[in-house]
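The values are calculated or read from the model by the stated rules, or taken from the named source; none is laboratory data. Since this is a predicted model, take the numbers as computed values, not measurements. Neighbour counts are summed over all protein chains in view; Cβ atoms, including those assigned to glycine, are modelled from backbone coordinates with ideal geometry.
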Amino acid sequence: MADLRIVPLELSMVEDLPHHSRVCAFWETDREPGHIERGYDDSFEKEAWLSAVLLEWGVCGQVFVADERAVGLVLYAPPNYIPRHKLLPSGPVNPDAMVVSHVYITDKYRSIMAYVKLINAAVADLRDRGVRAVEAFGREGNAGSYAGDADPKSALDHVCIPTRDVLSACGFKEIVPHPRVSRWRMDVDKRNLWQQSVKAALDQRYVDRMIELIAYETERVPAGAGAEASTESDTAAST
């Protein structure tokens, strides 16, 4: 079984990222959709963007690592670092929110749960830094056909845009519908409250169940049985 983990992105990791994540600057540029071509290499621009954001704002990504090899990446940053959000038909994002932008996992490790874990790692980091809202764009398609159903020549079908089922599974809610690419939002405080309420309910259910078991075991033991057992034990010992 593969050793899977998620770690914060560091600049020293850039050269080891999946090929697509290294060479694609879809989110980081405002290039016209017609110029987005298969195989377009923006690796220098991408690395420069990562360097600037890491230096000026801090951690801006989480890396999905399998057997010590980077196989996935999610990027996030304030809106001013991500020009693409203004050009999508359901944009721009609200000024109070951070943007989850580039989301990519290689074919072998691609699954809806892998995407959920990766994006949740990004949300957890943002939450710990005091962020109250996160927005993302979701396209048509599903996690199972995530790469194959995306047309990199179209800004509305780009492989770096997460699919709607992934965002929904993470707890995002659609706030600006669009036939091709809609905008989704997660209010982090509400998400935390939901998690806390679920945990509290589970904890209370555990306590209730333990009380039920104790009561059941007490009912099973007849009155005086403990004393009789003690007397029999004492008699045997004296014999």
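Here are the numbers for this structure:
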quantity	calculated
Selected residue (criterion: farthest from Asp67 (Cα to Cα)) from residues of segment 3-18 that are assigned to a helix (DSSP H, G or I) and not polar (S, T, N, Q)	Leu11
Checklist (1) at pLDDT 95 or above; (2) in a helix (DSSP H, G or I) applied to Val59, failing item	(2)
Test result for Glu174, surrounded by 13 or more Cβ atoms within 10 Å (Cβ to Cβ), modelled with pLDDT of 95 or more and in contact with a helix residue (DSSP H, G or I) (Cβ under 9 Å, 6 or more places away or on another chain)	yes
Complete set of residues in segment 44-68 that are exposed (fewer than 13 other Cβ atoms within 10 Å of the Cβ) and either touching a helix residue (DSSP H, G or I) at 6+ places or on another chain (Cβ under 8 Å) or under 16 Å from Val123 (Cα atoms) (or both)	Ser51, Gly58
Test: residue in segment 192-207 that is buried (at least 17 other Cβ atoms within 10 Å of the Cβ) and either in the same structural domain as Gly91 (by the TED database) or modelled with pLDDT under 90 (or both)	no
Segment 97-121: number of residues that are part of a loop (DSSP other than H, G, I, E, B) and modelled with pLDDT of 95 or more	1
